[in-house]
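Q: Pasting in a structure now, in structure tokens, and then I'll have a few things to ask.
Derivation of every value follows stated rules applied to the coordinates shown; laboratory data play no part. As the structure is a computational prediction, the values presented were derived from the model and not from experiment. All Cβ positions, glycine included, derive from the backbone under ideal geometry; neighbour counts span all protein chains shown.
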Amino acid sequence: MFNLLNTLVENNKKYGKEGKLAAYIPALLEANPNDLGIYIVDTRGKEYFAGDYNKKFTIQSISKVVSLILAIKDNGRENVFKKVDVEPTGMGFNSIVNLEASDTGKPYNPMINAGAIMTSSLIDGKDVEERLKKILDFLKIVTNNNDIYVNENVYLSEKETGSRNRALAYFMKSTGVLDGDVEEILDLYFKQCSIELDARDLARFGVVLANDGVLPWNGRKVIPKDVCRIVKSIMVTCGMYDASGEFAVNVGIPAKSGVGGGIIATVPRQYGIGIYGPALDEKGNSIAGLKLIKDLSDELDLSIF
Ligand code: DON
């Protein structure tokens, strides 16, 4: 496995040159666009890695998976899906027209920005700090890593340049679908996007989802099986934004990307996969990361379809 991963990283590194760092959050421009790394954990807890697997980056939209899980935990699935739909969208992850065009006024799904602002608003807690702590504590458990924190520099950069997210949130407030203090909800959203981790952390989180919510390293159940099923289904249909259909055809694994360059993927009952490659394609997905995971899926026959 190590040889295979090294070869795939070497073969696909070159694609970083064809992508661009996410410039709309200035702090993300500090990454090296040529980095590419992968980490894999199997459901027995064995770990494999290659390339820049230990570089830190911010979780960005992959945090949407966490806020969905916590929103369901705190409210039950029915109440969550009264506030956010589960339908894919052919639009970009920060689309505004999408929100206005929705019949119900609800965001289309929890994997786009509007949907994640909604699920974050549903996490119980007396203030932003308490809600953020729940997100961090959850991540510490599913990554088996206590060293998970918010990158202050990225957070401030997100907050300063987050006008589009403010527009989405205030629009949902104006139509009555989003409850609560909009600035507080946005603050939580910016902070959760700025949580720093690495490919190993993503792979471990991915294997917990693959293993129906049981931590492979100690057998403890931390996410209900039905919640894992819901989350993986939504990852397949919506996780790679408006490239989700193509990803399902070419790779065939539940996955979620973030503009920090991360991809988490979860192969049911087999593997968790974490990828880091900060140069993005025009849809906001890691350009070399997509090539790498496609090759891996072909080599190991990972498609669930
Ligand atoms: O809200 C934003 O725009 C970013 N903090 C996160 C978006 C993101 O990762 C979308 N990803 N491809």
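Q: Provide, as a two-decimal number, the C-alpha radius of gyration of the chain over 2.2 N^0.38 Å, N being how many residues it has.
A: It is 0.91.
Q: Are any of the pairs 73/232; 64/191; 83/126; 17/64 more than 18 Å apart by Cα-Cα distance, and if so, which?
A: 83/126; 17/64, as the Cα separations exceed 18 Å there.
Q: Return the sequence-ordered ³J(HN,Hα) values of the stretch 161-172 in whole Hz as given by the Karplus equation 6.51 cos²θ - 1.76 cosθ + 1.60 applied to θ = phi - 60°, using x for Gly and Pro.
A: Those phi angles translate into 10, x, 4, 5, 5, 4, 4, 4, 5, 5, 5, 5 Hz.
Q: Nearest 0.05, what FRET efficiency do residue 283 and residue 30 give at R0 = 30 Å with Cβ-Cβ as r?
A: Efficiency, from the Cβ-Cβ distance: 0.85.
Q: What whole number of Å gives the distance from the Cα centroid of the stretch 165-210 to the Cα centroid of the stretch 87-145?
A: 5 Å
Q: Do the alpha carbons of any pairs in 173/256; 134/221; 13/294 sit beyond 20 Å of each other, and which pairs?
A: From 173/256; 134/221; 13/294, over 20 Å: 173/256.
Q: Oh, and also: Remind me, relative contact order of the stretch 63-193 in percent, using alpha carbon pairs under 8 angstrom and six or more residues apart?
A: 29 percent
Q: Can you tell me, using C-alpha contacts under 8 Å and at least 6 residues apart, the relative contact order of the chain as a whole percent?
A: It comes to 28 percent, rounded to a whole number.
Q: Ranked highest first by average number of other Cβ atoms within 10 Å, how do 228-240, 191-203, 99-111, 5-17 line up?
A: Top of the packing list down: 191-203, 228-240, 99-111, 5-17.
Q: Test of understanding: extend the Cα→C-beta vector of residue 250 to 7 Å, then name every residue of the stretch 15-35 with backbone N under 13 Å from that spot.
A: 15-16, 19
Q: Now, a different point. First measure r as the distance between the Cβ atoms of residue 91 and residue 269, then evaluate 1/(1 + (r/R0)^6) with R0 = 35 Å and state the FRET efficiency to the nearest 0.05.
A: About 0.60, to the nearest 0.05.
Q: Can you compute the equivalent ellipsoid semi-axes for the stretch 63-193, i.e. the square root of 5 times each eigenvalue of the Cα gyration tensor, sorted largest first and rounded to whole Å?
A: Semi-axes from the Cα gyration tensor: 23, 17, 13 Å.
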